1. Please count how many residues of segment 229-253 are surrounded by fewer than 16 Cβ atoms within 10 Å (Cβ to Cβ) and either within 15 Å of the ligand (Cβ to nearest atom) or in contact (Cβ under 8 Å) with a residue 24 or more places away in the chain (or both).
2. Could you count how many residues in segment 143-171 are more than 27 Å from the chain's Cα centre (by Cα), among the β-branched types (Val, Ile, Thr) and more than 18 Å from Leu224 (Cα to Cα)?
3. Mind checking which residues of segment 213-227 are more than 13 Å from the ligand (Cβ to nearest atom) and in contact (Cβ under 8 Å) with a residue 40 or more places away in the chain?
4. If you check Leu64, Leu109, Leu82, Leu119, which single one turns out to be among the aliphatic types (A, V, I, L, M), outside any loop (DSSP other than H, G, I, E, B) and within 30 Å of Phe255 (Cα to Cα)?
5. Condition check: free of Cβ contacts under 8 Å to residues at least 40 places away in the same chain and among the acidic types (Asp, Glu). Does Asp290 satisfy that?
6. I'd like to verify a number: residues in segment 254-281 that are within 14 Å of the ligand (Cβ to nearest atom) and over 26 Å from the mean Cα position of the chain (by Cα), how many?
7. For segment 210-227, what are the residues that are surrounded by 15 or more Cβ atoms within 10 Å (Cβ to Cβ) and not small (Gly, Ala, Ser)?
8. Restricting the search to segment 98-122, which residues are more than 14 Å from Phe297 (Cα to Cα) and not assigned by TED's automatic domain parsing to the domain that holds Ser248?
Amino acid sequence: MSIKRPHVLWYGIPLLVLIAVACYSIIGIHLVQSRLTTLSRTVEVLASTTSVLQQSMITNLVNLSGEISQERQNVGTIKQQLGTYQEQVGTVSNTVQTLQKLSKTDPQLLQKYSKVFFLNEHYAPARLTEIPSAYRYSDSKVLKMHADIWPHLESLLSDAAKNSIRIYVESAYRSFNEQQALKGVYTTVYGAGSANQFSADQGYSEHQLGTTVDLTTTGLSGRLDGFDGTLAYSWLKANAYKYGFVLSYPENNSFYVFEPWHWRYVGVKLATYLFNQNMHFYDMDQRRIDEYLVNFFE
Ligand SMILES: [Zn+2]
């Protein structure tokens, strides 16, 4: 019996297929390897490019931060310079303000008047205002004073009233002619000698300024004499300086008779200085008084 052998073709075909597959695989692997190589080169190039970019960015950032820091320093320097200029402008502006205030402040307002130095007979305050009747002792008598000084006197009078001390204005601004007429009456009634003692020329000059008032209080029937024995006088001696008022002719002064009712506005700063030094206006040198003119209305 003959054994039938498979035809050689039956072996050949799978072999060929195997060879083909092997070839295909080898070619495929080669291609993949080739692509991988290409990719790897691309990655290397990219990595290198990225590194260059990073380096460049870092350099730029460092430069930029250096420039910013420099700019900050410049801004700081400019700010300092501006500060210096502002200070200089401030100083100049203060000086200008001081000069403006001085040019507007009448030097007569802080002048000492004596038996040989009077105000000009034509002198009148810049602005006068009427003192409200609530603060006048006599309702019928119209009283006026310097308009810029009245608010200071009003504060004084209303603060005294809050302390149950009633102070009234008996006399305020008096023109040259009014004073002349008043002195004429006194001279007729009391004789020239006595009239000169309590109504002489210093006092009249101060009333002509519009900054000076004669004050009275309850219990005196509107009179001035006896005022030194009142609570009102004690209160004024302790507090008037806070409102800028001083007693022109205190007890035992070498210029004039004692006038406890006669109060003159000299500005809060000067009045406070005099109070603290226990000094009187007429004891002070005129040149030193004039230094307070710039603060007169404050
Ligand atoms: Zn007076």
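The values are calculated or read from the model by the stated rules, or taken from the named source; none is laboratory data. Just so we're clear, the structure is a prediction, and the values are computed from it rather than from any experiment. When we count neighbours, we look across all protein chains shown, and the Cβ atoms used for this are built from the backbone with ideal geometry, even at glycine.
1. So the count comes out to 1.
2. 0
3. Thr217, Thr218, Gly222
4. Details: Leu64 fails: within 30 Å of Phe255 (Cα to Cα); Leu82 fails: within 30 Å of Phe255 (Cα to Cα); Leu119 fails: outside any loop (DSSP other than H, G, I, E, B).
Result: Leu109 is the single residue among Leu64, Leu109, Leu82, Leu119 that is among the aliphatic types (A, V, I, L, M), outside any loop (DSSP other than H, G, I, E, B) and within 30 Å of Phe255 (Cα to Cα).
5. no
6. Qualifying residue count for the region: 11.
7. Thr211, Thr212, Val213, Asp214, Leu215, Thr216, Thr217, Leu220, Leu224, Phe227
8. Leu99
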